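I have placed the structure first, in the form of C-alpha cells, so that the comments after it can refer back to it.
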Amino acid sequence: MELQSKLENRLLQTLRVEQIQSLKILQMSSMELEQYLYEKADENPLLTIDCGNGRDAKLLEIPYVKDRMPSSFSNEERWDYIERSAAAQPDFEQFFIEQIPLTVSLRDFDLKILKFLIRSLDDRLFLDVEAHEVAEKFRTTAAHVEKLIQLLQTLEPVGVGSRNYIEYLLIQTHRCPDAPPFVKEIIKNDLSMVAENKIKQLAKKYNQTIREIQQAVDFIKSLNPLPAGHKDAAVHYIVPDIEVSRVNGEWIIQLIQKNLPSIQINEEYVELLKRQTDNKKFLKKYLKDAKALLLGIEKRNKTIYEFVRLLLDIQPDFFEYGMAGLKPMRLKDVADHLNLHISTISRTIRGKYLQTPHGIYSFQSLFTKGIESASGKMDSIVLIKKRIKELIDQENKRKPLTDTQLANQLKREGIQISRRTVAKYRIEMNIASSFNRALQN
C-alpha cells in the first residue's frame, strides 16, 4: 500500500513537469520560442538544432467555401508578399500602437499621451518618466496617465513600460494565471530573501508551508531576469505564426515556422549512451527533458492550429472582408468551443499573429465586445461605430443628426443602443456633437 502511494506521487510530479513545460512554450511568441530553443539546445547535449530555414510547413487543407473562386495570389506571389511584409520595418511608435486591441477605444488626447509615453522609454524599454510629470505636461490627472501606462504594459515585448525591476517581474507574474497567489507580495517586499533562499523565514512571514513557499520561489526564479528588451531591437518585423489563404476556392491553414530552427533528439548519441551503463542517470534526465520540449512544441502548434480552424468556422466574414466583418468574440467563447481552460486560450493568443488575405492581425485584436441586436445577434462595437460614422457622413450638414436621432435610426436597423452609448462612441471617434457640427458648416 505504501509502495503504491509513492508510485502515484511520482507519476503526478512527472506530469506536472511536462505540463509546465508545455504551458511555458504555448505562451511564447515566435521570437521568444526561437531564443528558447537555442538555449535548450545549449543546455541539453541530446538535442541537435538545424538553423536552416528551407523547410516548408505542412499544408492543412480545410474545405470551407462552397463557391469555387480563384486564389488572389499564386503560391509564389503569396510568399513574395509575406517576405516583403516581413522586410518592412514599422515605425517605433506604430509598432506599439498597432498592438492595441480593437476593444480599446482611445481619444486623440489619450493617443497623444500614449505616444509621449512610448517616446519616453529608455534603451531597456523601461519608462523613464513619472506619471505626475506626464499629467502636468498634458494638464490631466495622474490617475488618467496611470491607466495609459497600464495599457502600455500589456503590449509586447513583455515588460515594456516597466518603471523598475520589481514592476517588470510583477508584469510577468500578472500574465501567468497559475502564479502562486501570494507571490506578488514576495516580489514587492522580499526579493532579497528569495535571492538568499530563506525559505523558512518566508514561510513564517507569509504563514505558508515550506512546499508552497518553495513553489513560489521557484516561480520567481523562472521569470525572465533580463530587461524587457532593447529599443533598437524592439521594432522587429512581425512574422506571422500561421496563415489562412484561399486556394482554388478553399481555405488553407498553414503554420509558418520558417523562422524557427528545427530541433530534434540525436538518436545516435542516445544509442551510444545506452551502451554505457555509467550514463543511465544522465541519459534519463536529459532524454526526459528533450521529449518534454518536443511535446510542448507539438502541443503549441496544435493549439494554434485548432484556434485558427475555429476562427474559420465562427468568423467567416472576417476572412472575407477583414475587420469590417469581425463579430464579437470573448476568450470564454473560444475556450468553451475548444474545451480548453480560458487561461490556455490567453496563453495561445499572447504575442502571436495571423496572416490573412487582408493583412496581418494579432490574435489579441480579434477579441471584441458587442451589443445584442433585436434579433438576438451580437453586433460588434467596431461595426456599430462604423455605422454611426456612416450616418453622420450622410447627414444633412445644415441639420446634423442628434445622438437621439442616431440611436433611433440604429434601433430601426435592429441595433438596441441608448442615446448615451451613441454619445460615448461618437466622442471616442472624436466626432463633434450635432450642435458643434452645425457651427462648423
message = With θ taken as phi - 60° and the coefficients 6.51, -1.76 and 1.60, list the Karplus ³J(HN,Hα) couplings across the range 409-420 in order, rounded to whole Hz; mark glycine and proline as x.
response = 5, 5, 5, 5, 8, x, 9, 7, 8, 8, 4, 5
note = For Trp251, other-chain or 5+-apart residues with amide H closer than 5 Å (H placed, Pro excluded) are Ile62, Tyr64, Val65
Where a label projected 7 Å from the Cα of Glu43 along Cα→Cβ would reach, residues of the range 293-326 with amide N under 16 Å = 293-297
request  = Highest first, please rank the peptides 294-301, 426-433, 345-352 by the mean number of other Cβ atoms sitting within 10 Å of their residues.
outcome  = 345-352, 294-301, 426-433
task = Obtain the nm distance between the two label points defined at Asn189 and Asn408 by a simple spin-label model: each point lies 7 Å from its Cα along the Cα-to-C-beta direction.
result = 6.0 nm
request  = Send over a whole-number figure in Å² for the accessible area per residue of the range 93-144, probe 1.4 Å.
outcome  = 54 Å²
request  = Collect residues whose amide H, placed 1.01 Å from N in the peptide plane, falls under 5 Å from the amide H of Lys352; neighbours closer than 5 in sequence don't count.
outcome  = Phe363, Gln364
remark   = Quick calc: nm separation of the 7 Å Cα→Cβ label points for Asp128 and Asp313 -> 5.0 nm
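The values are calculated or read from the model by the stated rules, or taken from the named source; none is laboratory data. Nothing here was measured: the structure is a model prediction, and the numbers come from that model. No Cβ is skipped: glycine too gets one built from the backbone with ideal geometry, and neighbour counts run over all protein chains shown. Surface areas here come from the heavy atoms of the whole protein model, side chains and all, with no ligands, DNA or RNA. Shrake-Rupley method; radii C 1.70, N 1.55, O 1.52, S 1.80 Å.
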